[in-house]
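As structure tokens, the structure follows; a few thoughts come after it.
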Amino acid sequence: DALPQAWPETRLHLLTEYPASDLFEGDDRLDAIWIRSPKTFLFKLLPDLRKERYDLVLDFQSLPATSLLARTTGATTYGFKDRFRTFHHAVDLHQHTGTHYTADHKLELVRALGIAPRSFIPRLTPPPQTHPVWAPYWDSPKVLLSPVSPWAHKRWSSGAFRETARRVHEATGATFVI
């Protein structure tokens with residue numbers, strides 16, 4: 001919400017992959033959603049992306065391939081400082097003083113533009129159809145726990161996941177998929 005509030009004429013496009021793209025369908029904040037199909041070479045999108053003549057690209061993944069794609073659009077780029085990545089403006093997360101929440105990290109790119117987001121809580125739209133894995137549990141709240149992370153500061157012990165699930169279940173009756 002911070003970008004259009006700061007720059008009302010901004011058109012927001014999102015490049016994402018399926019099935020994450022389902023979370024953004026119908027999001028009125030986005031003017032376009034570019035969806036990369038699984039196992040599709042990222043650079044197949046480049047000719048169409050270049051036609052858009054973007055002024056600014058925020059590379060929230062900041063992977064070597066996404067940083068190269070961002071730069072080749074011809075736009076001014078912002079991404080996270082790391083080896084093998086090139087951006088016009090590299091943001092160093094070692095200087096981050098906020099939370100360890102990934103969404104808060106991503107907003108460092110917006111803050112680097114001089115824009116102060118009010119919240120880092122994502123506003124996502126659930127898919128219109130429920131995934132079949134939930135079929136036996138239609139009537140209860142559903143929670144997905146993903147107990148993996150490549151970053152040590154984001155890894156929880158099995159006991160922490162168990163206690164979190166227990167508390168959420170007691171409070172809501174939720175069913176969990178891990």
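Which one is nearest to TYR78 (Cα to Cα), of the residues in the stretch 35-64 that are open to solvent by less than 60 Å² (accessible area, probe 1.4 Å) and touching an Asp or Glu at 6+ places or on another chain (Cβ under 7 Å)?
SER62
For the stretch 125-153, name all the residues that are within 27 Å of GLU108 (Cβ to Cβ), touching a helix residue (DSSP H, G or I) at 6+ places or on another chain (Cβ under 8 Å) and modelled with pLDDT of 70 or more.
Selection gives LEU145, PRO147.
Could we say that THR86 is within 21 Å of GLU17 (Cα to Cα) and at pLDDT below 85 here? Before the answer, list the steps.
On the way: within 21 Å of GLU17 (Cα to Cα): no; at pLDDT below 85: yes.
Spelling it out, it is not the case that THR86 is within 21 Å of GLU17 (Cα to Cα) and at pLDDT below 85.
Tell me which residues, restricted to the stretch 31-56, are of a type outside the set (Gly, Ala, Ser), within 22 Å of LEU68 (Cα to Cα) and part of a loop (DSSP other than H, G, I, E, B).
Initial filter on the stretch 31-56 (of a type outside the set (Gly, Ala, Ser)): 31, 33-36, 38-56.
If we keep only those that are within 22 Å of LEU68 (Cα to Cα) too, we end up with 33-36, 38-56.
Result: PRO38, LYS39, THR40, PHE41, GLU52, ARG53, TYR54, ASP55.
Filter the stretch 20-30 down to residues that are open to solvent by less than 80 Å² (accessible area, probe 1.4 Å) and in a loop (DSSP other than H, G, I, E, B), then give me how many there are. Outline the logic, then answer.
Initially, the stretch 20-30 is screened for residues open to solvent by less than 80 Å² (accessible area, probe 1.4 Å), giving 20-24, 26-27, 29-30.
Remaining after also requiring in a loop (DSSP other than H, G, I, E, B): 26-27, 29-30.
Here the count works out to 4.
Any idea which residue in the stretch 72-98 is surrounded by the most Cβ atoms within 10 Å (Cβ to Cβ), counting only those that are in contact with a Leu (Cβ under 8 Å, 6 or more places away or on another chain) and of a type in the set (A, V, I, L, M)?
VAL91
Return the total of residues in the stretch 1-53 being closer than 23 Å to LEU109 by Cα, over 19 Å from the mean Cα position of the chain (by Cα) and of a type in the set (Asp, Glu).
2
With the requirement that a residue be open to solvent by less than 70 Å² (accessible area, probe 1.4 Å) and modelled with pLDDT of 90 or more, what does the stretch 4-14 give you? Spell out how you get there, then give the answer.
Step one: filter the stretch 4-14 for residues open to solvent by less than 70 Å² (accessible area, probe 1.4 Å), giving 4, 6, 10, 12-14.
Correct list: ALA6, THR10, LEU12, HIS13, LEU14.
For the stretch 122-143, check the following and say yes or no: at least one residue is surrounded by 13 or more Cβ atoms within 10 Å (Cβ to Cβ) and part of a strand (DSSP E or B).
yes
What residue, of LEU109, LEU46, is over 29 Å from ALA152 (Cα atoms) and in contact (Cβ under 8 Å) with a residue 12 or more places away in the chain? It would help to see each step written out before you state the result.
Details: LEU109 fails: over 29 Å from ALA152 (Cα atoms).
Result of the check over LEU109, LEU46: LEU46.
In the stretch 99-111, how many residues are surrounded by 16 or more Cβ atoms within 10 Å (Cβ to Cβ) and part of a loop (DSSP other than H, G, I, E, B)?
1
The values are calculated or read from the model by the stated rules, or taken from the named source; none is laboratory data. Because the structure is a prediction, the values reported are computed rather than measured. Counting neighbours? That spans all protein chains shown, and the Cβs are built from the backbone with ideal geometry, glycine included. Ligands, DNA and RNA are stripped out before the accessible areas are found, and what is left, the full protein with its side chains, is counted by its heavy atoms. Shrake-Rupley method; radii C 1.70, N 1.55, O 1.52, S 1.80 Å.
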